[in-house]
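Everything on this sheet refers to the single structure shown next.
The values are calculated or read from the model by the stated rules, or taken from the named source; none is laboratory data. Just so it is clear, the structure is predicted and the values come from calculations on it, not from any experiment. No Cβ is skipped: glycine too gets one built from the backbone with ideal geometry, and neighbour counts run over all protein chains shown. For accessibility, only protein heavy atoms count, side chains too; no ligands or nucleic acids. Shrake-Rupley method; radii C 1.70, N 1.55, O 1.52, S 1.80 Å.
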Amino acid sequence: QVQLVESGGGLVQPGGSLRLSCAASGSIFSIASMSWYRQAPGKQRELVAVIASGGNTNYANSVKGRFTISRDNAKNTMDLQMNSLKPEDTAVYYCNANFKMHSSSRYITGWGQGTQVTVSS
């Protein structure tokens, strides 16, 4: 069993910063890509940022220059530093990871339970 647990969400004023964290635990052999997604009310879930095991990153255009994704492969953790937050960043943010439970198993996609980020004055 593998669990992904997010933390760090909350209420912040426009222009402020938040740091989200995701910790993966359980029977993990290796993790390939890790990602942050978000879903605003009435909208589809969208990819925010992705980081490969080697550290290559990709961001949605809407967050480029404001958000930074990082990971610690030794600890199976991932962070999202969010700066210059805007009201349109308000959403539930989800951690996503593609992992193997054994060396010979296929990759499985896991999701966290989500953490609410609200940007409002």
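Structure summary
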{"item": "Flag for residue 52 being free of Cβ contacts under 8 Å to residues at least 40 places away in the same chain and either under 13 Å from residue 85 (Cβ atoms) or touching a strand residue (DSSP E or B) at 6+ places or on another chain (Cβ under 7 Å) (or both)", "result": "yes"}
{"item": "Which numbered condition residue 38 fails, given (1) charged (D, E, K, R); (2) in contact with an Asp or Glu (Cβ under 7 Å, 6 or more places away or on another chain); (3) surrounded by fewer than 13 Cβ atoms within 10 Å (Cβ to Cβ)", "result": "(3)"}
{"item": "Residues of segment 62-72 satisfying the condition of being part of a loop (DSSP other than H, G, I, E, B) and either farther than 14 Å from residue 85 by Cα or touching a helix residue (DSSP H, G or I) at 6+ places or on another chain (Cβ under 9 Å) (or both)", "result": "62, 63, 66"}
{"item": "Neighbours by Cβ (under 8 Å, 6+ apart or cross-chain): first from segment 56-83, on the phi > 0 side of the Ramachandran plot; second modelled with pLDDT under 95 and not in a strand (DSSP E or B)", "result": "76/28"}
{"item": "Answer residue from segment 47-61, given it is part of a strand (DSSP E or B) and polar (S, T, N, Q) and is most open to solvent (accessible area, probe 1.4 Å) among those", "result": "58"}
{"item": "Qualifying residue in segment 75-84 (condition: in contact with a Pro (Cβ under 9 Å, 6 or more places away or on another chain), surrounded by fewer than 20 Cβ atoms within 10 Å (Cβ to Cβ) and over 22 Å from residue 5 (Cβ atoms))", "result": "yes"}
{"item": "Test: residue in segment 103-111 that is modelled with pLDDT of 95 or more, among the hydroxyl-bearing types (Ser, Thr, Tyr) and within 10 Å of the chain's Cα centre (by Cα)", "result": "no"}
{"item": "Looking only at segment 94-113, and only at residues there that are out of contact with any Ser or Thr (no Cβ under 6 Å at 6 or more places or on another chain) and part of a loop (DSSP other than H, G, I, E, B), the one that is surrounded by the most Cβ atoms within 10 Å (Cβ to Cβ)", "result": "112"}
